[in-house]
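See structure below.
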Amino acid sequence: MKRSERSRRRAVRVVALSGAVLGLAGCATMPSSGPAALGPTASGNTQNTRVELIPVPPADQEAPNQLLYGFLDALGSDQSDYRTARLYLSDPNWQPSGAVDVLDTTPALHQTQSGSDPKSFTITASGTEVASLDTHGSYTAAAPGTTVNVDYHFKMNDKGQWRIVDPPATVLTSSRDFQRIYQSVNLFFPAAAGHTTAGVSPLVADPVYIRDRVDNPLQLAAQQLVNGPSTWLQPVVTSGFPADSSNARIELDASAPQAKAYLSLGADADWSPGACQMMAAQLYATLTQGTTNIQATATPPTSVALYRDKKGPAVCATSSEGGYNPVRVGATTAYFLGEDHHLQSVTPAVGSTSAAVEDVPGKLVPAGTTIGAFAVSPDPEGNVASVSADGRALYVSSLHATTAPTTPALRSVTPGALSSPSWDGTDTLWAVDTEPDGTTLRAVTSGTSVPVDVQGLPAGATIEQVRVAPDGARIALLVKNGGDTTVEIGRVRHSPAADATHQVPSLTVEQLRQTATGITSISSLSWQDGDGLVVVGQQTGTTSVIPVEMDGSPSSLGTIQTLSGVTDVTTLPGDPQLWLLATAKNADEENEVFFSQLTAFRWLPITTSTSTSKGSGVRFPG
């Protein structure tokens, strides 16, 4: 059967994840858009099967345009080494850079002859770009209407066959193939500033995309970790692995519950106990938390061990991130303001139709002061930041304080200026400050007010809400500019004190990048995990809770059950139960608190025999 110029003709086989071939249908025509459909096997169970697409080599005497479709077809196949794609090239030693341009569908081809030479042709592949990956695998969503034009040059060889000459190092693929072949993983790097309660730098997630249709995708993730962080994150993180990673290599054996990592880091590598434990924590977090999307045949390791070579013993090992984890998930307790604006705790339970609600005993604000907004710190002390209802003062106390604070940690002369407090895992407190000619954001660290410079905000824009990531290296801002609300993700740079007398450091939020594009009327946001958030907004005309990724890539969480009247939402990063709590207005326009799970399909009010579900501002610690 002759391959048409625009067909996506590849052999299709259904395989078990163990590698056994279950079925084969050759010469199948694949559509250029839409998901690949997997039909039922003989047993009717497709849980452990997947579709593999096998590329077709070039046919004899194929014209350049047919060859180019075949080459692009081969790039979108399941071959990780591109061995069939190289058959379309004059030089089979071509090596892609790792960068990818993702088009909405198969590109259109425009052919022109190269001068008067009948044995040379240039074909331009054109299409609408939806996203791109850089050489590190970092995802960037394209602006609407972005077009890509890529030239491919052809020459006829001595056998009279057309072949592609010097193809670009960036792979061109369709959105459909990208979603099937590439998966997002999180690499983890220690923050360059700040410490957890254990006295070490918290780990920061760095989302990248890798090809998971390979023999050992965990190996790819481990090597990406050794290679270092993304360009965007690099200024605010460090690594236990050498900074010059150009020749650093890792060989991963994940066949047993304890993964063995054989590292070649160079003669000058630091193998001290502290450095080894940091590398082990990074690798453990990457393999157990960061690779859950990968279609690996083996279960994630329960521990990792690091070796300098295959002959000697392990230098160090770990079965957890240890103190590098900025979030310690114990009881999944959230907090909200009751009808009387006193703080209450709420603890949902799996399988229960109600949650446990209790009054918080601590004295949080001076007598006569009403709490308008609050945030509970994720550290064991349970510090509480409370903003007065008039928005002019922020007080710091604790969940069990026996005496109320008398002096605010932050003060403003403008009513309503202070709002939206948020704690990170390094015990730094953040808050919005709309004081005229102010800094928009303010922070408190070690009891001292610290200036915050937010770079890249449009003129006239205001910050409505701040949610800092537990690691303290990244921050999510709900920004209002005119009638539009957007979610901006920034990295947090810590600068040491320039004044030897006052020793006050400074904080800078920089390199803002927008996520949650296509969502309007956003009213609330919360970090959900290392690289994902949930927001309250409108995507199809109905206000709902919507999962988004910080890099703008599609979320793997799917659709969350709609909650009528929802106004705000909170989640707890690192929570294995994936609890969601939200405030919504009932039919009487009264605020009620509801709970659910990301894996559930219903919302329930937090109603017990001794309390009602009425309240607002529900928040997990953070």
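Read the figures in this text as sums done on the coordinates, not as results from a lab. Just so we're clear, the structure is a prediction, and the values are computed from it rather than from any experiment. In this analysis, Cβ positions are derived from the backbone assuming ideal geometry, glycine residues included, and neighbour counts consider all displayed protein chains.
If the segment from Asp91 to Asp309 were pulled out straight at 0.36 nm per residue, it would be longer than the present Cα-Cα gap by 74.9 nm.
So if I average 1/r over every pair of distinct C-alpha atoms in region 211-347 and take the inverse, what Kirkwood radius in Å does that give? Write down the numbers at each step before the final one.
Numbers: mean 1/r = 0.0596 Å⁻¹.
By the Kirkwood definition, the hydrodynamic radius is 16.8 Å.
The string of couplings for region 240-245 from the Karplus curve (6.51, -1.76, 1.60, θ = phi - 60°) is x, 7, x, 5, 8, 9 Hz, one whole number per residue in order, with x for Gly and Pro.
As an exercise, use a Förster radius of 25 Å and the Cβ-Cβ distance of Gln561 and Thr517 to find the FRET efficiency, rounded to the nearest 0.05.
Approximately 0.60, to the nearest 0.05.
Our coupling estimate for region 440-447, obtained by passing each phi through the Karplus curve with A = 6.51, B = -1.76, C = 1.60 and θ = phi - 60°, is 6, 10, 10, 9, 10, 9, 6, x Hz, Gly and Pro reported as x. For the chain, leaving out every one of the GluC sites (Glu not before Pro) that falls in a DSSP loop and has at most 15 other Cβ atoms within 10 Å, the longest unbroken run is 6-338. Compared with the rule-of-thumb size 2.2 N^0.38 Å for a compact globular protein, region 105-164 has a Cα radius of gyration ratio of 1.48.
Our note on the geometry: Cα centres of region 333-381 and region 308-327, 38 Å apart.
Rg/Rh, computed from the Cα trace of the chain with Rh as the Kirkwood radius, has the value 1.01. Both the radius of gyration and Dmax for region 53-178 are 14.4, 44 Å, in that order, over alpha-carbon atoms. Which of Thr105, Phe121, Ala74 sits closest to the plus end of the dipole of region 74-154, meaning its Cα is farthest towards the positive end, when Lys and Arg get +1 and Asp and Glu get -1 on the C-beta? Of the candidates, Phe121 comes out farthest on the positive side. Below 27 Å, Cα to Cα, which lysines can Lys614 reach? Residues fewer than 8 away in the same chain don't count. Within reach: Lys363, Lys585.
Sorted from longest to shortest, the spans of the Cα atoms of region 424-516 along the three principal axes equal 44, 29, 20 Å. Scoring 519-525, 479-485 by mean Cβ neighbours within 10 Å over their residues and listing the highest first yields 519-525, 479-485. The alpha carbons of region 470-532 give a radius of gyration and a Dmax of 15.0, 48 Å, in that order.
The modelled label-to-label distance between Thr122 and Val165, using points 7 Å beyond Cα along the C-beta direction, is 1.2 nm. Packing, as the average of other Cβ atoms within 10 Å across residues, places the peptides 259-266, 192-199, 365-372 in the order 259-266, 192-199, 365-372, highest first. Could you give P(r) for region 110-240, binned at 10 Å from zero, as whole percent values over all Cα-Cα pairs? Binned Cα distances yield the sequence 10, 28, 25, 21, 10, 4, 2, 0. Modelled spin-label separation between Arg411 and Lys585, with each label point placed 7 Å from Cα along the Cα-to-Cβ direction: 3.6 nm. In angstrom, the C-alpha Rg and Dmax of region 408-473 are 11.6, 32. Compute the normalised compactness of region 506-622: alpha-carbon radius of gyration over 2.2 N^0.38 Å, N being the residue count. The value comes to 1.09. Scanning residues 5 or more positions from Asn293 or on other chains, none has an amide H under 5 Å from its amide H, with H placed 1.01 Å from N in the peptide plane.
Distance between the 7 Å Cα→Cβ label points at Thr238 and Tyr262: 3.0 nm.
State the percent of C-alpha pairs, over all pairs in region 365-424, separated by a distance greater than 13 angstrom. Tail fraction, whole percent: 57. Computed from the Cβ-Cβ distance with R0 of 25 Å, the FRET efficiency linking Gln111 to Ala143 stands at 0.30. Please give the Cα centre distance for region 114-193 versus region 206-267, rounded to the nearest Å. Between the Cα centres of region 114-193 and region 206-267 lies a distance of 24 Å.
Using the Kyte-Doolittle scale, which helices in the chain average at least -1.0 and also have C-alpha atoms spread 20 Å or more along the helix axis, with helices defined as whole DSSP H runs? Passing helices, by number: 273-288. Placing unit charges on each Cβ (+1 for Lys and Arg, -1 for Asp and Glu) gives the chain a dipole about its Cα centre, and among Pro421, Gly472, Gln528 the Cα reaching farthest toward its positive end belongs to Gln528.
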